[in-house]
Amino acid sequence: MIKQIELAVGRYGRFIALGMAILGLVALGGAGQTYLNPPVEEVTENTNTQTIQTTTETSAVVENSTPLYDEGQVLRDMPIYFFEASPELTLRIRTDVPGGQQVQVSQRHVIQLRATRDGQTFYEDQRVVAADQTRVSDGTVWVNTTMNMQDVRSYVSEKQSAVSGAGSLQVTLRQSVTYETNDYAGTLNTSAPLALSGETYWIDGDLSASRTHSTPVTRRSVGSPDMTMVGGLGALGIGLLAGAVAVIRRSREIDPLSVETDLARSRYDEWISNGEIPTKSDKEYIRTDSLEDLVDIAIDSNGRVIYDRSLDAYAVVQGDLVYYFITDETALTEWFDV
């Protein structure tokens, strides 16, 4: 394998070196491009984030003492209230908006009645509980409203009697908060069933809602170059250029014909014998282009190739004909005239 490589270098060294040099320059160029052009990624960030939220607290003062509560006691956020003990229910609505700017806030709270049959609405009515519009800069809006639950029960009972047998009546407490900041505007809607059962009432759900606004901004983020790739391509490029120089130098030292002869000698050694080549002037000498050609003549004539160490020459003798091969023909001039 080493001899084959030497033969290729000796014959095609310039072309091999040129190819290696081109590949080396390409690798160095790739290293430079990788270093000078680090990866760029587009990153989207949410800026100017603002959150608006509304919550509702309930409370009732005990006006009539019962076995459960004392008169004057304040009940807060109870899961159930009694008409007899606390006939009035107070809603305390808090809306939080961005501070440090003027924000317009409008709030509307209604009791909605809707009569349905088989999922179809055939009657709808609503009663406004509270309505408020204000401009605030400290970030918080409070609205308090008190409902007389005895009146609400009477109002609902009247409508319930009217739709009895025709369908079902749904009672819902709805809240709507509309806002407008310097950058965003919108509406928060929330609702929960208002339950009236016998001597008790309650809000069957959570009257809270929130919404977050933001403005997406896309920016380009420049990363770091892949130094492993840069180093690898750089080393490869330098190695290829150094290898090209080494190939050129080595190709000048290699005699392709000598290497080719060594290869042929190794391949056809069984047809070659050491001996002395006749150098008489009455012989006719015919030179072959390669040792392989000389071996072919020996095989065709059922003879052998003679290798003369003193001349470093090979020959096949056939009577007055001497077929020979030598890498340095000038060495034969003192032996015979060819």
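Some points to look at:
- Checking residue 202 against (1) surrounded by fewer than 14 Cβ atoms within 10 Å (Cβ to Cβ); (2) at pLDDT 80 or above, the condition it does not meet: (1)
- Remark: pairs (first residue in region 83-102, under 23 Å from residue 179 (Cα atoms); second residue aromatic (Phe, Trp, Tyr); Cβ separation under 6 Å; 6+ apart in sequence or on different chains) = 94/142; 97/179.
- Hey, residue 272 surrounded by 16 or more Cβ atoms within 10 Å (Cβ to Cβ) and at pLDDT 85 or above or not: no
- Residue within region 169-186 that is in a loop (DSSP other than H, G, I, E, B), of a type in the set (A, V, I, L, M, F, W, C) and more than 30 Å from residue 86 (Cα to Cα) present: no
- Per-region count, region 24-66, residues open to solvent by less than 30 Å² (accessible area, probe 1.4 Å), touching a residue at least 60 places away in the same chain (Cβ under 8 Å) and polar (S, T, N, Q): 4
- Inside region 93-124, residues that are open to solvent by 80 Å² or more (accessible area, probe 1.4 Å) and either more than 49 Å from the chain's Cα centre (by Cα) or at pLDDT 95 or above (or both) make up a count of 6.
- Flag if residue 128 is assigned to a strand (DSSP E or B) and either on the phi < 0 side of the Ramachandran plot or touching an Asp or Glu at 6+ places or on another chain (Cβ under 8 Å) (or both): yes
- Within region 126-142, tally of residues that are among the β-branched types (Val, Ile, Thr), closer than 19 Å to residue 58 by Cα and within 49 Å of the chain's Cα centre (by Cα): 2
- Search result, residues across region 143-168 that are more than 60 Å from the chain's Cα centre (by Cα) and aliphatic (A, V, I, L, M): 162, 163, 166
- Scanning region 70-82 turns up no residue that is among the aromatic types (Phe, Trp, Tyr) and either modelled with pLDDT under 95 or over 20 Å from residue 204 (Cα atoms) (or both).
- Take the conditions (1) small (Gly, Ala, Ser); (2) farther than 30 Å from residue 139 by Cα; (3) without any contact (Cβ under 8 Å) to a residue 60 or more places away in the chain; residue 221 misses just one of them, which is (3).
The values are calculated or read from the model by the stated rules, or taken from the named source; none is laboratory data. Values in this document were obtained by computation on a predicted structure and should not be read as measured data. Please note: Cβ atoms are built from the backbone with ideal geometry, for glycine as well, and neighbour counts cover all protein chains shown. The area values use the complete protein model at the heavy-atom level, side chains included, leaving out ligands, DNA and RNA. Shrake-Rupley method; radii C 1.70, N 1.55, O 1.52, S 1.80 Å.
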